[in-house]
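First the structure, in the form of structure tokens, and then the observations on it.
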Amino acid sequence: MSASRVTVVGGGVIGLSVAWFAARAGFSVTVVDHASPHGGSRVAGGMLAPITEAWPGDEDVLALGVESLRLWPRFAADLDVPLSAAGTLAVATAPADAEVLDKLCAYLGAMGRSAARLTRRELRALEPGLGPLVRSGLSVPGDLSVDNRALLTALRKACEAHGVHIGRRSTVDTDVTVIAAGAWSRDLHPALRDVIRPVKGEILRLAARPGALPPPRHTIRAHVSGRPVYLVPRADGLVLGATQYEAGFDPHVTVGGVRDLLRDGEAVWPAIAEYALVEAAAGFRAGSPDNMPVVDWLEPAVIAATGHHRNGLLLAPITAHRVLALLRGDPTPEPATDHHSANDHRQAKEAPVEGSGER
């Protein structure tokens, strides 16, 4: 195959994955990356958890996520990036929170997915550091997690090893442009303007200080008086997130957001009161009306790979496979649902936004 020139606009996990796949396939690839500190890939928890994220009405999102999760072990191995397979505990603190978990458990059962109910005692046998307010939960097998920043570094190195040029230059000679700029994609093509929107999220990074209880072994997803919060362990601490606001491109971390995350995180894992707060960051997810990504041709020579909302890391391998198929003119790989075009999204009914948002 004679190499064609491909320009990928966006240097997050989606853009770099697409660039890496295309370069390995023989394309000449340039990545245009303006390296915003607010990119969703950098400000992320690293959860690869389509089952725990499942919710009635999002069946297409679930099917796509499950299909991409199957690709992750090979994807990570090729990049030499470790995965955590400890799984997820979904926990509740109040009776209304427990009802949310009951609904999730019933829905997963109806979808043929397994989730084991756990009592307070069973939860503490798995994670003794859980707080006294945690009253019940679910064990969700099969979920993975990855250090998002280690993944970004590995992808960048893999791209460079395959000859990908990465820079800030916005004018290059190219045959095909792939728009993978996350929330900023909306400004790069008219077809995306009314489809992609920025969804702001705030996230904290905490480091375990000497003498403090170590972070949990599992990823903990909790509902605390109706507010969702998650704790994702890292080697030296944990990631605590995440708020969700429809606030445009407001880059500021709010006092209220930090307060809510710390209060709810401490209710779930009291030991974080002894941790060091090392980072508070705001980022922008690329939202779409139905939470499904846009991965398709927008016009001859322009492909979109955006709109992944909370699932950018999870959907990176399946998105890269699909874009490569489009570039080659091959039949595109389809899971148990169809990917959407920008036109499909414009016709979709706007989905409601729930609170501070990680389900």
One would report the Cα pair-distance distribution of the stretch 53-129, bin width 10 Å, in %, as 15, 38, 33, 14, 1
In the stretch 133-221, taking the dipole from +1 charges on Lys and Arg beta carbons and -1 charges on Asp and Glu beta carbons about the Cα centre, the listed residue (V134, S145, I196) farthest towards the positive end is V134
Per principal axis, largest first, the Cα atoms of the chain extend in Å by 62, 44, 36
Residues of the stretch 276-300 with backbone N under 13 Å of the label point set 7 Å from the Cα of R209 along Cα→Cβ are 276-278
Helix-only [θ] at 222 nm, the chain, -39500 (n - 2.57) per DSSP H run of 4+, per residue, nearest 500, equals -9000 deg cm²/dmol
Amide H contacts under 5 Å for I166, restricted to residues at least 5 apart in sequence or on another chain and with H modeled in the peptide plane, are V31
Per the stretch 1-125, sqrt(5λ) over the Cα gyration tensor eigenvalues, sorted largest first, in Å, gives 37, 16, 15
Computed about the Cα centre, the charge dipole of the chain from +1 Lys/Arg and -1 Asp/Glu charges at the Cβ has a magnitude in debye, to the nearest 20, of 720 debye
For the stretch 243-307, the dipole about the Cα centre with charges only on Cβ (Lys and Arg +1, Asp and Glu -1), to the nearest 20 debye, works out at 120 debye
Per residue, accessible area of the chain with a 1.4 Å probe, heavy atoms of protein chains only, in Å², comes to 41 Å²
Farthest towards the positive end of the dipole of the stretch 90-195, among T174, T93, Y107 and with Cβ unit charges of +1 on Lys and Arg and -1 on Asp and Glu, lies the Cα of T93
Restricting to Cα pairs under 8 Å and 6 or more apart, the percent relative contact order of the stretch 232-309 works out to 22 percent
Heavy-atom accessible area of the chain with neighbours in place, 1.4 angstrom probe: carbon+sulfur share in percent works out to 53 percent
note: the stretch 173-316, Cα-Cα separations exceeding 27 Å make up a percent value of 34 percent
Distribution output for the stretch 1-67: share of Cα-Cα pairs per 10 Å bin in percent, first bin at 0, values 19, 31, 33, 16, 1
Relative contact order as a percentage, the stretch 118-229, C-alpha pairs under 8 Å and 6+ apart, gives 19 percent
Once the dipole of the chain is set up from charges on Cβ (+1 Lys and Arg, -1 Asp and Glu), the residue from the list A267, H309, V8 lying farthest towards its positive end is A267
Here the relative contact order (percent) of the chain, from C-alpha pairs under 8 Å and at least 6 apart, is 25 percent
The correct pair for the stretch 111-175, radius of gyration to one decimal and Dmax as a whole number, both in Å and from Cα atoms, is 22.1, 62
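The values are calculated or read from the model by the stated rules, or taken from the named source; none is laboratory data. No experiment lies behind these values; they were computed from the predicted model shown. Methodologically, a virtual Cβ is constructed for each residue, glycine included, from the backbone with ideal geometry; neighbour enumeration extends over all protein chains shown. Protein only, heavy atoms only, side chains kept; ligands, DNA and RNA dropped before computing areas. Shrake-Rupley method; radii C 1.70, N 1.55, O 1.52, S 1.80 Å.
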